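The structure appears below as structure tokens.
The values are calculated or read from the model by the stated rules, or taken from the named source; none is laboratory data. On a predicted model such as this, the values are computed, not experimentally measured, just so you know. Here Cβ is always computed from backbone atoms with ideal geometry, including for glycine, and neighbour counts include all displayed protein chains.
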Amino acid sequence: MDKVYQRQGRPEKALSQCERALELLQEGAQLSRICFVYRNMAAIEQARGHLDRAIEHLQQAHSIALSQSPGGLEGAQIAHSLALACSSTSEPHHNDSAARFFEECISAYRSALGPQDTLTLSAQDDFSHFLLLTGQQESCAEIQRESLSLKKSTFGELSAEVAEALQLIGGVEMAQGQMRHAYRTLKKCLDIQSMLYGPQHKKTKATQRTVDMLSQSPEVSERRKESRLETRPPFCAVVSSASEVTSSMSNS
């Protein structure tokens, strides 16, 4: 019934139904059902913008899930939801909790599903964005570098997931003043985006602007000049080739 009230846009009614269900369930100590109801209540409160209440309900569900199966998949999913909820609040005191829940869910996902599973990689991406927003740029780039080969084998070399990883790494390199590394990383990202979305897509165009800007930096432009010089044939080879052409023309 709570789902019906949610669809009708009546969150108060949905919550009252959940509370009534909790009263009935606690009498029979049906822990898995109680956990499910708390997760529903958290979703309703989060949709209303009441993040603190959503976090409280998720913490209740989390405690129950861990009591039933420590390190289990349900506990990992709830920890992931808690991490996202805590990282969405504007209050800094939730940051430590968010980091702890991210680390918990990633560890549990790896144990239960493996490092290449999409849930594991998705949680790592969410953690990376959180680290970036909280000024921990190098930690963000480190996670993405470690997951890059896994993303290539899971999603393919030319995938959106690989492009996004390269974009995060390149952005951090650029912020740290490593213009040559950033140019090389973002150029790879641009090549993938061009193939996936086409040159006129907003993602491709935004990356193209960044690559063009980086190409004008002294560190990158000097290296590109050096590369062009290195790929030119030696002067003696050019002279020798020209002589052979001249000789051939005069003999004919």
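List of remarks:
- No other residue among SER217, SER147, SER194 is closer than 30 Å to SER81 by Cβ, small (Gly, Ala, Ser) and in contact with a helix residue (DSSP H, G or I) (Cβ under 8 Å, 6 or more places away or on another chain) apart from SER147.
- Residues within the stretch 71-98 that are of a type in the set (Gly, Ala, Ser) and farther than 21 Å from GLY49 by Cα, tallied: 4
- Any chance MET179 is touching a helix residue (DSSP H, G or I) at 6+ places or on another chain (Cβ under 7 Å), farther than 30 Å from ILE78 by Cα and either buried (at least 22 other Cβ atoms within 10 Å of the Cβ) or in the same structural domain as SER221 (by TED's automatic domain parsing) (or both): yes
- Condition check for LEU190: within 22 Å of PHE127 (Cβ to Cβ) and assigned to a helix (DSSP H, G or I): no
- Members of the stretch 158-185 found to be of a type in the set (D, E, K, R) and without any contact (Cβ under 8 Å) to a residue 24 or more places away in the chain, listed by number: ARG184
- Tally of residues being among the charged types (D, E, K, R) and touching a Lys or Arg at 6+ places or on another chain (Cβ under 9 Å) across the stretch 174-191: 1
- Residues of the stretch 152-205 that turn out to be over 16 Å from the mean Cα position of the chain (by Cα) and aromatic (Phe, Trp, Tyr), as a count: 2
- Among the residues of the stretch 70-119, those that are exposed (fewer than 14 other Cβ atoms within 10 Å of the Cβ) and polar (S, T, N, Q) comprise SER90, THR118.
- Contact annotation: residue pairs with Cβ atoms under 7 Å, 6 or more positions apart or on different chains, pairing a residue in the stretch 88-108 that is part of a helix (DSSP H, G or I) with a partner that is at pLDDT below 90, are ALA108/GLY71.
- Of the residues contained in the stretch 140-149, one or more are found to be within 17 Å of ASN95 (Cα to Cα) and at pLDDT 95 or above.
- Among the numbered conditions (1) farther than 29 Å from PHE101 by Cα; (2) of a type outside the set (Ser, Thr, Tyr); (3) not assigned by TED's automatic domain parsing to the domain that holds MET213, the only one that LEU132 does not meet is (1).
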